[in-house]
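The values are calculated or read from the model by the stated rules, or taken from the named source; none is laboratory data. These numbers were taken from a predicted model, which means no experiment stands behind them. Positions of Cβ are backbone-derived with ideal geometry, glycine not excepted, and every protein chain shown enters the neighbour counts. For accessibility, only protein heavy atoms count, side chains too; no ligands or nucleic acids. Shrake-Rupley method; radii C 1.70, N 1.55, O 1.52, S 1.80 Å.
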Amino acid sequence: MSFEIPERHICGFIGPNGAGKTTLFSIITGAFPPSAGSIELRGNDVTGMKAAALVKLGVARTHQIVRPFKAMTVLENVQVAVHFGRQPIAATAAAREQAMNVLKLVGLEAKASSLASVLSLGQQKRLEVARALATGPDLLLLDEICGGLTSAETRDMLHLLQDIRERGATIMYVEHDMKAVMAVCDRITVLNFGQKLAEGTPQEIQNNEAVITAYLGKPVPGEHPSA
Amino acid sequence: MTAVEFINLLISALLLAGLYAAVAVGMTIIYGVMKIVNLAHAGFMMLGAYFNYELFEWLHLDPMAGALLSLPVFFVFGMGVHWLLVRWLPKSDQPTLSSLLLMFGFWLVLQNVGYLIWGNSDRAILTAHRRTLPLGPITIPTAGLVVFIAAVTCLAVLQFILHKSWFGRSVTALIQNPYAAQIVGVDHQKTSQLTFGLGTAFAGFAGALMAMLFSFNPDFGRPFLVRAFVIIVLGGLESVTGVAFGALILALIETFGILFIPAGYQPAISFGLLVVVLLVFPTGIAGLLKRKWRLA
Amino acid sequence: MKFAPGFLPWVLLAVLIILPALGLSPNITRLLFITLVWTTTSIAWNLLGGFAGQVSFGFAVFYGLGAYTAALLIDRGVNPYLAFMASAVVAVIASFLIGLPTFRLRGPYFAIATIGVTEAVRVVMSNLSITGGASGFRISEHGPFRQVHHYYTALGAAAIAVAISILVSSSRFGLALRAIRQDEDAAAGLGVNPYQCKLWTHGLAAALTGMAGGIYARYAGYIHPQGVFAFATSISILLMPVIGGVGTVWGAVLGGVIFGIVEEELVANFPQIHLLLYGTLLILIILFEPDGLLGLLRRLFRRYGRDSQSKEADQALWGRSRLEGREL
C-alpha cells in the first residue's frame with residue numbers, strides 16, 4: 001500500500017472494521033514502528049520517529065477512543081499541548097490564553113474550568129480535536145471524531161474541519177459515517193484487510209465497483225453502512 | 001572443571017529449578033488472571049515455612065506431610081484474603097499501581113506479624129532428610145530431591161487442572177482474553193477468588209518445602225520474590241511450562257554463575273538478570289519465541 | 001482563611017527557625033532532625049512517585065549513596081556542605097544510570113525493576129572494601145559536635161525540598177508530569193517527551209534524597225549497608241508520601257512529619273509495630289482514601305464547612321482535586 005497526502009487537503013480513509021485504518025494512524029504518528037516501508041513528511045524521512053518528536057514536526061492525532069487527562073480541567077488539557085506543541089509557549093498566562101482561543105474554536109470555552117471527566121462524549125471528542133489542534137499541526141490525523149455524536153454535533157464538527165483546513169492544515173480523516181466523509185473530503189482512500197482498495201474523489205469512490213462489493217455488495221450511495 | 005563437578009552443578013541447578021518453579025507458579029497464575037503483582041507472595045511463603053515448622057515442633061508431623069497439608073490451608077487463607085481485600089480493587093486488564101501497593105501493604109503486615117510472633121532469629125526444621133544420596137562420585141542431597149519431586153508433582157497436577165477442568169478452562173480463557181471470556185459466561189469474580197486461593201496455596205506450599213532446605217525468619221521470601229518475577233518474565237505468563245522453562249534458565253545461570261562471579265555477589269545475579277530481561281524481552285522469552293513462530 | 005495557603009508555610013518555617021533558641025532538649029532536637037531528614041526524602045519521592053506516577057522501591061540507593069559519599073568526604077576533611085553537594089551529584093549520576101534503562105518500562109514493571117536495583121546495589125556495597133563492606137563505616141569529623149548545627153542543615157534541606165516541590169507543581173513541567181501520570185501515550189501525542197521528563201524528575205528526586213542521606217550520615221557518625229541501603233529504607237521513603245497524600249506538596253510533608261515522629265517513638269521500643277501499623281495504614285488508604293491522610297483531613301474540614309470559601313485557595317493548599325488521587 002502506498003499513498004500521498006497533498007497539502008491543504010482533507011483526505012478521508014474508509015474501510016470495513018479491521019481494515020487497518022487506526023493501525024495506519026498509529027504507525028504514522030509513531031505509536032508503534034512499521035515493520036516495513038517508510039513515511040516521508042515533505043520529502044524528509046520520518047519513519048519510526050517517536051510521537052513527541054513528530055509533534056514538533058507538526059504531526060498530531062486524535063484517538064478513536066477518547067483519552068483526555070480526566071483529572072485535569074479542560075483548559076489544562078489543552079494547555080499541555082500548547083506548552084509542549086510545535087511552537088512551545090513557556091509562560092503560563094500566554095499558554096492559557098492560547099489554550100482558551102483553541103477552546104473557543106471548538107466551542108468548549110464554557111467548559112474550560114470543568115474537569116475533563118465530567119464532559120459528555122461529544123464534548124470529549126471536541127476536546128481531543130482541541131488538544132491536537134493546540135499543538136499547532138500541519139498534518140492532523142483525526143480518528144472517528146464523529147462516532148457516537150448526534151447529527152447536529154456532527155454537522156458542527158464538519159464545519160470545524162473545513163475551518164481548520166482554511167487555516168492551512170492538512171487533514172487525514174478516518175470515519176465510519178459515510179455521509180460525513182463524502183461531504184467533507186477532497187480525496188478518499190478505501191482500505192480493506194490492510195490493502196488499498198481504491199483511491200479518488202468522493203464521486204469516483206461512490207461509483208467504484210470494488211468498494212461497493214467490499215462494503216455491502218449493493219450500491220446504495222450515501223447510505224450509512226452497517227459496518 | 002571435571003565432568004563430575006559439572007554434573008554435580010547441573011544436578012543442583014535442576015533441583016533448584018524445581019523449587020523456583022514452585023515459588024513462581026503461584027505468582028504467575030494470579031498475575032495471569034488478575035494482573036496483580038502479588039508482592040504478598042513472599043509473606044505467604046514465610047507463613048508456609050512457619051506453618052510447617054510449628055506442625056513439626058508441636059505435633060512432630062513429617063515436614064513432607066506438613067507441606068502437603070499447607071495446600072488446603074493456604075487455599076482457604078488465600079480465598080479469605082481475596083474476599084477481605086483483593087476483590088475491592090478496581091478491575092483492570094493491565095497491572096495497576098494500587099494493586100501493587102495494596103499487596104505490598106499486606107506483605108508488610110504479614111511480615112511484621114511474623115516478627116511479633118516468632119521474633120527475628122532464624123529457625124530451621126532439622127530432620128533425617130538432611131543426608132545425601134551417593135551415586136558413585138555424584139552426590140544428590142536427599143532433601144533437595146524430595147522437595148524437587150514434590151514440586152514437580154504439584155506443577156503437573158496444576159497443569160492437569162488447568163487443562164482438564166471447568167475452572168482451568170475459565171482461567172485459561174481469562175488469561176488469554178478477559179473480555180471474550182466474560183462475554184461467554186466466565187464468572188470473573190469467582191474465578192479470581194479461586195485463582196487467588198490457588199496462588200496462595202502454592203506460595204504456602206513452596207514456603208513449606210523450602211523450610212525443609214533453608215533456615216528462615218519473617219523476612220524469608222523476599223529474595224525469592226524478585227526471582228519469581230524474573231521467572232515470570234522469562235517464561236511468559238501463559239502456562240505452567242513457561243514457568244518451568246523460566247525457572248530452569250534462572251537456576252542454571254545462578255548455579256553456573258558461581259564459576260564467574262565472586263560468591264559475595266551471587267545474590268545480585270537474579271536482580272541484574274531481572275533488569276536485563278525486562279529490557280530485552282518485555283514479553284518474556286517464551287512470548288518472543290511464540291511470536292516469532294507465529295509470524296513465520 | 002483566604003490568605004492561609006501562602007501564609008502557613010512561612011509561619012511554619014519561622015517557628016522551626018526560632019524553636020532552638022527557646023531551648024530544646026537534645027532528645028527533641030534529635031526527633032526534629034530525623035523528622036526533617038525523612039520529610040526531605042518523602043518530598044523527593046513524591047516528585048517522581050506522586051507527580052509523575054512512577055512508583056519506585058529504589059530510593060534507598062540514593063539515600064545510601066548520598067550517605068556514603070558524604071561520609072567518605074567528611075572523613076577526609078572536606079567541608080560538610082561541599083560533601084552534601086557531592087552526595088547530591090553522585091545520587092543524580094546513579095539516578096541516570098538506573099533511569100536510562102528502567103524508564104523504558106512502564107508502571108508496575110518499573111516498580112519491580114527498582115526492587116531488583118536496590119537489592120543488587122546493597123549486595124555490591126556490602127562487598128566493597130572502600131566503604132568498609134558489610135561492617136559499615138565510621139566517620140571521624142574534626143571539631144566539636146553541635147546538634148543545633150545539624151538541625152539547621154536538615155531544616156535547610158527540607159525547605160529546599162518544599163520549595164522545589166512547589167515550583168514543580170505549579171510549572172509547565174509539573175503539568176507535563178501530571179499528564180504522564182494519567183496517560184503517558186496521550187501526553188507523548190501532545191509533544192511531551194515522557195522518557196526525558198521522567199529522567200529529569202528522577203534526577204531531581206535523587207539529588208534531594210542523596211543530600212538527605214549525607215546529612216543523616218554526618219549526624220549519625222556511623223553507617224552500614226544494612227541500614228542506609230536496606231529495603232526498609234526504600235519502604236519508608238515510599239510509605240511517607242503515599243500515606244500523607246500522594247501527588248500533593250503538603251501530603252508528602254505531612255507523611256514525612258508523622259512518619260518521623262511515630263518512627264522515633266515506636267522504633268526504639270516496638271520496631272515491628274511501626275511497620276505493622278504502616279502496612280495496615282497503606283491497605284486502608286489504597287482501599288478507602290487514595291488521597292491519604294491529607295485527603296481525609298480535607299474531607300473532615302469539608303464536613304464542618306470551614307473552607308467552603310474559595311475553591312482556588314483549596315486547590316492551592318491541597319495541590320489538586322480529590323479525584324486525581326484515584327488515578328494512582
- Item | Criterion: crowded, with 18+ Cβ neighbours inside 10 Å and closer than 13 Å to C:LEU190 by Cα - qualifying residue of A:LEU133, A:LEU108 | A:LEU133
- Among the candidates B:LEU101, B:LEU19, B:LEU55, residue that is open to solvent by 10 Å² or more (accessible area, probe 1.4 Å) and either at pLDDT 85 or above or within 14 Å of chain C (Cβ to nearest Cβ) (or both): B:LEU55
- Message: So for segment B:66-81 (the condition being open to solvent by less than 40 Å² (accessible area, probe 1.4 Å), within 7 Å of another protein chain (Cβ to nearest Cβ) and not β-branched (Val, Ile, Thr)), does at least one residue qualify?
- Response: no
- Residues being open to solvent by 80 Å² or more (accessible area, probe 1.4 Å) and within 14 Å of chain B (Cβ to nearest Cβ) - total across segment C:121-131: 1
- Message: Can you go through C:TRP38, C:TRP45 and tell me which one is within 20 Å of the chain's Cα centre (by Cα) and either open to solvent by 40 Å² or more (accessible area, probe 1.4 Å) or within 14 Å of chain B (Cβ to nearest Cβ) (or both)?
- Response: C:TRP45
- From A:ASN77, A:ASN44, A:ASN101, residue being over 19 Å from A:CYS11 (Cβ atoms), within 19 Å of the chain's Cα centre (by Cα) and polar (S, T, N, Q): A:ASN77
- Those residues of segment A:137-160 that are touching an Asp or Glu at 6+ places or on another chain (Cβ under 9 Å) and surrounded by fewer than 16 Cβ atoms within 10 Å (Cβ to Cβ) come to a total of 0
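A quick yes/no check of all residues on (1) of a type in the set (D, E, K, R); (2) within 11 Å of chain C (Cβ to nearest Cβ); (3) surrounded by fewer than 23 Cβ atoms within 10 Å (Cβ to Cβ); (4) more than 27 Å from A:LEU41 (Cα to Cα):
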site: A:VAL59; (1), (2), (3), (4): no, yes, no, no
site: A:GLN64; (1), (2), (3), (4): no, no, yes, no
site: A:ARG67; (1), (2), (3), (4): yes, yes, yes, no
site: A:GLU76; (1), (2), (3), (4): yes, yes, yes, yes
site: A:ARG86; (1), (2), (3), (4): yes, yes, yes, no
site: A:ARG96; (1), (2), (3), (4): yes, yes, yes, yes
site: A:LYS104; (1), (2), (3), (4): yes, no, yes, yes
site: A:ALA112; (1), (2), (3), (4): no, no, yes, yes
- Query: Restricting the search to segment C:93-117, which residues are aliphatic (A, V, I, L, M) and either under 20 Å from the mean Cα position of the chain (by Cα) or closer than 16 Å to C:GLY210 by Cβ (or both)?
  - Reply: C:ILE93, C:ALA94, C:LEU97, C:ILE98, C:ALA111, C:ILE112, C:ALA113, C:ILE115, C:VAL117
- Message: Condition first: over 30 Å from A:THR23 (Cβ atoms) and either out of contact with any Pro (no Cβ under 7 Å at 6 or more places or on another chain) or assigned by TED's automatic domain parsing to the domain that holds A:ILE171 (or both). Can you find one or more residues in segment A:128-139 that meet it?
- Response: no
- Please indicate, with yes or no, whether at least one residue in segment A:26-41 is of a type outside the set (Lys, Arg), at positive phi, within 14 Å of chain C (Cβ to nearest Cβ) and open to solvent by less than 70 Å² (accessible area, probe 1.4 Å). yes
- Cross-chain or 6+ apart pairs with Cβ under 9 Å, segment A:145-163 first and assigned by TED's automatic domain parsing to the domain that holds A:LYS104, then open to solvent by 50 Å² or more (accessible area, probe 1.4 Å) and assigned to a helix (DSSP H, G or I): none
- Check off (1) at pLDDT below 85; (2) open to solvent by 10 Å² or more (accessible area, probe 1.4 Å) for B:GLY32 and give me the number that stays unchecked. (2)
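Do we have any residue at all in segment C:183-196 that's more than 16 Å from C:ILE43 (Cα to Cα), away from chain A (no Cβ under 14 Å) and outside any loop (DSSP other than H, G, I, E, B)? Spell out the reasoning first.
Kept after step one, since they are more than 16 Å from C:ILE43 (Cα to Cα), are these residues of segment C:183-196: C:183-196.
Those left that are additionally away from chain A (no Cβ under 14 Å): none.
Scanning segment C:183-196 turns up no residue that is more than 16 Å from C:ILE43 (Cα to Cα), away from chain A (no Cβ under 14 Å) and outside any loop (DSSP other than H, G, I, E, B).
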- Message: Is it the case, given these coordinates, that B:LEU194 is at pLDDT 85 or above, in a helix (DSSP H, G or I) and open to solvent by 30 Å² or more (accessible area, probe 1.4 Å)?
- Response: yes
- Query: Scanning for something in a helix (DSSP H, G or I), on the phi < 0 side of the Ramachandran plot, within 14 Å of another protein chain (Cβ to nearest Cβ) and not hydroxyl-bearing (Ser, Thr, Tyr), does segment C:204-217 turn up at least one residue?
  - Reply: no
- Does segment B:139-146 contain any residue that is buried (at least 17 other Cβ atoms within 10 Å of the Cβ), at pLDDT 80 or above, away from chain C (no Cβ under 14 Å) and not in a helix (DSSP H, G or I)? no
- Task: Identify all residues within segment C:132-161 that are open to solvent by 80 Å² or more (accessible area, probe 1.4 Å), over 22 Å from C:THR39 (Cα atoms) and not polar (S, T, N, Q); write none if there are none.
- Result: C:ARG138, C:HIS142, C:PRO144, C:PHE145
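For segment C:267-285, which positions are within 14 Å of another protein chain (Cβ to nearest Cβ) and open to solvent by 40 Å² or more (accessible area, probe 1.4 Å)?
Within segment C:267-285, C:VAL267, C:ASN269, C:PHE270, C:PRO271, C:GLN272, C:ILE273, C:LEU277, C:THR280, C:LEU281, C:LEU284 meet the criteria.
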- Hey, C:SER95 of a type outside the set (A, V, I, L, M, F, W, C), surrounded by 22 or more Cβ atoms within 10 Å (Cβ to Cβ) and not in a helix (DSSP H, G or I) or not: no
- Item | Leading residue by the ranking (most open to solvent (accessible area, probe 1.4 Å)) among those in segment B:214-267 that are part of a helix (DSSP H, G or I) and among the hydroxyl-bearing types (Ser, Thr, Tyr) | B:THR241
